[in-house]
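Single-structure report; data block below.
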Amino acid sequence: MSAKPALLVTAADLAPQALALLNDLEIVYAGKTPTEQDIVALCRQHNPVAIIVRYSKVGAAAMDAAPSLKVISKHGSGTDTIDKAAAEQRGIKVVAAIGANAAAVAEQALALLLACAKSVVALNERMHTGFWDKATHKSIELEGRTVGVIGLGAIGLRFARMANAMGMRILGFDPYAKNLPGHIAQVDLETIWRESDVISLHCPLTDENRELLNSRTLAACKKGVIVVNTARGGLINESALLNAVRSGHVAFAGLDSFAIEPMTAPHPFHGEPRLILSPHIGGVTADAYVKMGVAAAKNVLGVLHNVPASA
């Protein structure tokens, strides 16, 4: 058994640039698809001082199985897979790689928006089967239209900047945001629902905003609205969204996250032509993998050794 303190990574790998920062720790990998029970067992076996969370959940049972645990560091920005209340009760610090994947996720949101507005998927499939729909198809032009951005952290701000560059009007909602750039008009949610042609979600999932998009709020939106979600699936009531898409009230939805992941077949979303789906890969790029790994490693060291953390 190594004399070094253990660090558990809830995945099968970590970027070499991150590992280079962690020479004083014994790295333990949980594998490609660890379960919550796997994490508990590895905590019991290795008693890590730190956990870097990529996949699976880390709850109270894992924390209790690792009495030496001091820090849980998220390989990304969303910490909803970590029981933060349990961590606080046990004096365990929870930190996140804020902003490390901002470019990647904002680009995915823009890609989903464009795929919806320009019917990229449907037209591609038609072209591959021999159709030429130029005389009958009209796409949606985004210049001059209004996008409501919910959540104005690093990702939301970057997406808003992209939308502004395309000539869109930007409405933003974030009760914690301050000193916003001039191209974002800060408004309440009722204004977002009423005025937006596009709604893009970039906020963390909390008990307060769970199913923020539901039958009531979707009904308050413009007919023909486009919904984009690269944040957390729990922000949307999926049955309500599906009904709104089928009725035509929501024209398209581009979704990168879902209430239950991984999505398993059959799923009600499958086969819906106006739902553009991707498997929660907004932050999964080669560059973001390195950025998130390095930030997560620095955050661990920041807690264990008082080394300043910087992305």
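The numbers here are math on the coordinates, done by the rules we state, and not lab data. Because the structure is predicted, anything quoted here is derived from the model rather than measured. FYI the Cβ positions are ideal-geometry reconstructions off the backbone, even for glycines, and counts take in every protein chain you see.
Cross-link partners for K138 among the lysines, with Cα-Cα distance under 21 Å and sequence neighbours closer than 8 places in the same chain left out: K118, K222, K223. Highest mean first, the peptides 105-118, 122-135 sorted by other C-beta atoms within 10 Å per residue fall in the order 105-118, 122-135. Across the chain, C-alpha contacts under 8 Å between residues 6 or more apart give a mean separation that, scaled by the residue count, equals a relative contact order of 18 percent. By the compact-protein rule of thumb, 2.2 N^0.38 Å, the alpha-carbon radius of gyration of region 79-229 corresponds to a ratio of 1.22. Enclosing the Cα atoms of region 178-244 in their convex hull gives a volume equal to 101 cubic angstrom per residue. Dividing the summed helix terms, -39500 (n - 2.57) for each DSSP H run of n ≥ 4, by the number of residues in the chain produces a 222 nm estimate of -9500 deg cm²/dmol to the nearest 500. The share of Cα pairs per 10 Å bin across the chain, counted from zero up to the longest distance, runs 6, 25, 30, 22, 13, 4, 0, 0 percent.
Using the Stokes-Einstein relation with a Kirkwood hydrodynamic radius computed over Cα pairs, the translational diffusion coefficient of region 16-88 at 10 °C and a viscosity of 1.306 mPa s comes to 126 µm²/s.
Highest mean packing first, where packing is the average number of other Cβ atoms within 10 Å per residue, the peptides 279-292, 190-203 line up as 190-203, 279-292. Using Stokes-Einstein with the Kirkwood hydrodynamic radius over Cα pairs, what translational diffusion coefficient do you get for region 160-311 at 37 °C and a viscosity of 0.692 mPa s, in µm²/s rounded to a whole number? Reported coefficient: 189 µm²/s.
Straight Cα distances below 27 angstrom link K4 to the lysines K32, K57, K70, K74, K84, K93, K291, K298, with same-chain residues fewer than 8 positions distant left out.
The Cα trace of region 237-279 gives Rg and Dmax of 9.9, 27 Å, the first to one decimal, the second as a whole number.
For region 186-221 versus region 49-98, the inter-centroid distance based on Cα atoms is 29 Å.
Would you kindly give the portion of the calculated P(r) for region 1-133 that falls above 21 Å, as a percent of all Cα pairs? Could you put the intermediate results ahead of the total?
Details: 4402 of 8778 pairs.
I get 50 percent for the Cα pairs in region 1-133 exceeding 21 Å.
Taking the longest Cα principal axis of the chain as reference, the axis of helix 36-46 is set at about 20 degrees.
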